[in-house]
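The values are calculated or read from the model by the stated rules, or taken from the named source; none is laboratory data. Note that the structure is predicted; figures quoted are calculated from it, not measured. Cβ placement follows ideal geometry from the backbone for every residue including glycine, while neighbour counts extend to all protein chains displayed.
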Amino acid sequence: MREGDLNGAAYTIAQYEQEQVVQPVYERWPGTFRTMETIDTVNVFQDMTSIPIARNCTRDGLVPLEGSIPSPRDRVDYYEALLDEMYRIEGID
């Protein structure tokens, strides 16, 4: 971040957060998150893991989670996908 690489800094922070802060929660209650993934697979109308990126509060514009929610690496990749979509919508290069 000191060198002006804000995207790299954001990625490093996200990686730390997902591996060191959030992952212990997933490991403590693994059944809860497996249930969320199962619901997403079985009932495509009740998406519990995707996050919408839109200008209005809506479930339109969902960015699907590619990968597995218990995987910190997949969650960091998802964070990047969310940012990419936000930048696309806002016209930011």
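Looking across the range 1-54, the residues that are closer than 11 Å to ILE69 by Cα and in a loop (DSSP other than H, G, I, E, B) come down to MET48, THR49, SER50. Hey, can you tell me all the residues within the range 83-93 that are surrounded by fewer than 16 Cβ atoms within 10 Å (Cβ to Cβ) and either under 21 Å from GLY8 (Cβ atoms) or hydroxyl-bearing (Ser, Thr, Tyr) (or both)? Selection gives ASP84, MET86, TYR87, ARG88, GLU90, ILE92, ASP93. Taken together, ARG73, ARG2 contain a single residue that is over 26 Å from ILE89 (Cβ atoms) and either modelled with pLDDT of 75 or more or among the hydroxyl-bearing types (Ser, Thr, Tyr) (or both), which is ARG2.
How many residues are crowded, with 16+ Cβ neighbours inside 10 Å and modelled with pLDDT under 85 when one looks only at the range 52-64? Counting residues in the range 52-64 that are crowded, with 16+ Cβ neighbours inside 10 Å and modelled with pLDDT under 85 gives 1. Is it true that ALA81 is of a type outside the set (D, E, K, R), assigned to a helix (DSSP H, G or I) and in contact with a strand residue (DSSP E or B) (Cβ under 7 Å, 6 or more places away or on another chain)? So ALA81 fits the description; yes.
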